[in-house]
Amino acid sequence: QVQLVESGGGLVQAGGSLRLSCAASGRTFGFYAMGWFRQAPGKEREFVAAITSSGSNTDYADSVKGRFTISRDNAKNMVYLQMNSLKTEDTAVYYCASRRGSSSKYLREYYYWGQGTQVTVSS
């Protein structure tokens, strides 16, 4: 079983940056693809970014492409989401998630989830 703990959320002005971190437990982290999702108030949880187990391939939602970067450090069991040029519409609770095998943009394909970290972008 994998446990995930997100950190790094907070309040930032539009145009600013934040770096989210997700710490994973377990010795088999390197076998898991990782994803970031977010959920704004009153909206469904949506895909943000994903990365393969090796880190060689990434995928992004169109809304964050060019502004957000997902990365991972398998030696430290960590995955990151660097968020630049933040917009008010990026305000949400951000979740990291993991799954065996290939990466995916579909939340139903992820087995393990963290508790989320709040990101608030003010105008």
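Here are some notes:
- Within the chain, percent of DSSP bridges classed antiparallel, to nearest 5: 90
- Alpha-carbon centroid distance for the pair segment 1-79 / segment 93-117, whole angstrom: 9
- Segment T69-N84, length gained on full extension (0.36 nm per residue, minus Cα span): 4.5 nm
- K43, K105, K65, reordered so the largest accessible area comes first (probe 1.4 Å): K43, K65, K105
- For the listed peptides 81-89, 29-37, a ranking on the average number of other beta carbons within 10 Å per residue, highest first, reads 29-37, 81-89.
- More than 16 Å apart - percent of Cα-Cα pairs taken over segment 67-113: 52
- The modelled label-to-label distance for the pair Q3/S123, using points 7 Å beyond Cα in the direction of Cβ, is 4.1 nm.
- DSSP-assigned coil residues among GluC sites (Glu not before Pro) in segment 1-79, each with at most 12 further Cβ atoms within 10 Å: E44
The values are calculated or read from the model by the stated rules, or taken from the named source; none is laboratory data. What you see is a predicted model, and the numbers here were worked out from it, not measured in a lab. Every residue, glycine as well, gets a Cβ built from its backbone with ideal geometry; the counts of neighbours run over all protein chains shown. These accessible areas exclude ligands, DNA and RNA; they are computed on the full protein's heavy atoms, side chains included. Shrake-Rupley method; radii C 1.70, N 1.55, O 1.52, S 1.80 Å.
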